[in-house]
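J.: Starting off with a structure, shown below.
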Amino acid sequence: MAFPHRPGLLPAEVAFLCEMELVTIIPRQRLDRLDLLGGPTNALIPPQRATLPLWLALLLKRQRRINVLPPPWLDPENLREILELETTHFGESFTPAPALPALDVDPLQARREKSRSGLTSGVGGVVAPRLTDAEGRSLYLSPPFVASCTADAAPNALPYHYLEFSQLLLDAAPDDLQQPDTISNLLRDIREVRQAKMRRGYEAITDGSEGVNLDGVGAMEVSESRGFITDVMGGLRMIGASREAARREREQEERESGARRGAGRAYDGDEEDEDMS
């Protein structure tokens, strides 16, 4: 029996993956450390801040044992700034995603490590860490393994799971957010602006463009648009195949008509030779 769903992640599955994002919390009760599959958590001691996976933070929030500290980009003023960037400064593209984390090291050590293992220098003498897997190959982190939803996140950059993360917080912890209704309206406006950009990109594809730049697009936006994009690309492939078949038929007809005209001229020449003889 064929699987009824389209290829790719469903919106519910994207929201499930978003629950792996790290979030900053303020405990209201003491809690011993928990040994999770991703590693042990620190003991929660009020009022010290701690970082937990979103799914655990939401569970403790429903039990009224913690308060969630929202990331800076979820502040209404920062959302207004992001909306302004989306509408004025990035008219045809999307606002850049948060930068990858960096690691402060000694300058001499950074120079030595850069020449030895290829570290990339950052701004102001900051060097990005080079991670490796068990076999020594380069390992590059991506959401949700990059802490882009904690209290130390960038204030003017939307993370990869911004849409589903904000919706989960609005549903489970509205009392920890400043002006939740305003935040919801701003997120809706940002989403509509970005969807309009994606629609213009689809129109460019149908007009013969080489592609669409989706840098900065969120996970939920990709999931919601995947079916439409695949249908458009499938239709374009069918149109291209039909055009190619029509071109080959025309070329075949031209070759056959040329061959018939050549045969006719040769027949006429034979008849003239017979008359002269």
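J.: Tell me the accessible surface of I26 in square angstrom (1.4 angstrom probe, heavy atoms of protein chains only), to the nearest ten.
T.: 50 Å²
J.: Right, another one. With labels modelled as points extended 7 Å from the Cα through the Cβ direction, what inter-label distance (nm, one decimal) is found for I239 paired with S93?
T.: 2.7 nm
J.: Taking all protein chains in place and a 1.4 Å probe, what share, in percent, of the accessible surface of the range 11-69 do carbon and sulfur account for?
T.: 54 percent
J.: Give me the extension gain from E253 to N213: residue separation times 0.36 nm, minus the current Cα-Cα distance, reported in nm with one decimal. Don't jump to the answer; show the numbers that get you there.
T.: Details: separation 40, 0.36 × 40 = 14.40 nm, distance 4.09 nm.
The E253-N213 span can extend by a further 10.3 nm.
J.: Can I ask one more? In Å², and per residue, what accessible area does the range 34-86 have when probed at 1.4 Å with the other protein chains present?
T.: Ligands and nucleic acids excluded, the figure is 54 Å² per residue.
J.: Compute the distance in nm between two label points, each set 7 Å from the Cα along the Cα-to-Cβ direction, one at Q167 and one at E84.
T.: It works out to 2.8 nm between the two label points.
J.: For Q29 and A196, compute 0.36 nm times the residue count separating them, minus their Cα-Cα distance, and round to one decimal in nm. Don't jump to the answer; show the numbers that get you there.
T.: On the way: separation 167, 0.36 × 167 = 60.12 nm, distance 4.52 nm.
Result: 55.6 nm gained on full extension.
The values are calculated or read from the model by the stated rules, or taken from the named source; none is laboratory data. It should be emphasised that the depicted structure is a prediction, and the values quoted were computed from it without experimental measurement. Quick reminder, even Gly has a Cβ in these numbers, built from the backbone with ideal geometry, and neighbours come from all protein chains shown. Each accessible area value is taken on the protein alone, full model and side chains, heavy atoms only, with ligands, DNA and RNA left out. Shrake-Rupley method; radii C 1.70, N 1.55, O 1.52, S 1.80 Å.
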